[in-house]
1. Just to be sure, is Ile98 assigned to a helix (DSSP H, G or I), at pLDDT 90 or above and surrounded by 13 or more Cβ atoms within 10 Å (Cβ to Cβ)?
2. Return yes or no: is Val92 surrounded by 14 or more Cβ atoms within 10 Å (Cβ to Cβ) and either assigned to a loop (DSSP other than H, G, I, E, B) or on the phi > 0 side of the Ramachandran plot (or both)?
3. Applying the selection to segment 10-56, what residues are among the aromatic types (Phe, Trp, Tyr) and in contact (Cβ under 8 Å) with a residue 12 or more places away in the chain?
4. Check segment 33-42 and report whether any residue there is more than 30 Å from Leu84 (Cα to Cα), at pLDDT below 85, among the aliphatic types (A, V, I, L, M) and not assigned by TED's automatic domain parsing to the domain that holds Met88.
5. Out of (1) loosely packed, with under 13 Cβ neighbours inside 10 Å; (2) at pLDDT 90 or above; (3) of a type in the set (D, E, K, R); (4) farther than 19 Å from Pro23 by Cβ, what's the single condition that is false for Glu70?
6. I want to confirm something. Restricting to segment 73-86 and keeping residues that are assigned to a loop (DSSP other than H, G, I, E, B) and more than 16 Å from the chain's Cα centre (by Cα), which single residue is surrounded by the most Cβ atoms within 10 Å (Cβ to Cβ)?
7. Report, by residue number, each residue of segment 73-103 that is more than 30 Å from Ala20 (Cβ to Cβ) and touching a residue at least 24 places away in the same chain (Cβ under 8 Å).
8. Just to be sure before I move on: is Arg39 assigned to a strand (DSSP E or B) and within 22 Å of Phe12 (Cβ to Cβ) in the structure I sent?
Amino acid sequence: MNLTSPFMEKVFRIRPEKRAEIPAVTHVDGTGRLQSVSRQTNPLYWTLIQTFAAKTGIPLILNTSLNENEPIVCTPDEAIQCFLRTRMDVLVLGSYYIERCDP
């Protein structure tokens with residue numbers, strides 16, 4: 001497996017006992033797409049995943065296309081605009097963590 005690839009090329013069966021913990025990444029057939037992140041090739045993203053795991057006990061982050069009824073976001077400005085007009089809870093952009101404060 002190429003750990004530097006940004007593509008989610010492999011589909012694996014998610015263990016039945018874990019499916020309820022990670023429903024957003026579990027397909028209806030019980031599978032999910034795997035994207036490995038290497039500490040050596042992407043230390044910032046790897047650290048984000050480890051920090052999330054330390055807080056939640058779940059060592060993964062949902063990685064999906066970022067858009068809402070528009071072309072996929074390609075720039076930081078587009079990511080911020082998408083965050084502002086949607087109901088996203090959090091946007092992580094490089095080393096910045098942006099959390100919605102709306103009630």
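1. Considered against the rule, which asks whether it is assigned to a helix (DSSP H, G or I), at pLDDT 90 or above and surrounded by 13 or more Cβ atoms within 10 Å (Cβ to Cβ), Ile98 comes out as no.
2. When the stated conditions are applied, Val92 does not pass them.
3. Passing the criteria: only Phe12.
4. Taking every residue of segment 33-42 in turn, none turns out to be more than 30 Å from Leu84 (Cα to Cα), at pLDDT below 85, among the aliphatic types (A, V, I, L, M) and not assigned by TED's automatic domain parsing to the domain that holds Met88.
5. Unmet for Glu70, out of (1) loosely packed, with under 13 Cβ neighbours inside 10 Å; (2) at pLDDT 90 or above; (3) of a type in the set (D, E, K, R); (4) farther than 19 Å from Pro23 by Cβ: (2).
6. Thr86
7. Those that are more than 30 Å from Ala20 (Cβ to Cβ) and touching a residue at least 24 places away in the same chain (Cβ under 8 Å): Gly94, Ser95.
8. No, not satisfied.
The values are calculated or read from the model by the stated rules, or taken from the named source; none is laboratory data. Every value quoted in this text rests on a predicted model; they were computed, and no experiment measured them. Neighbour counts run over all protein chains shown; Cβ positions are idealised from the backbone, glycine included.
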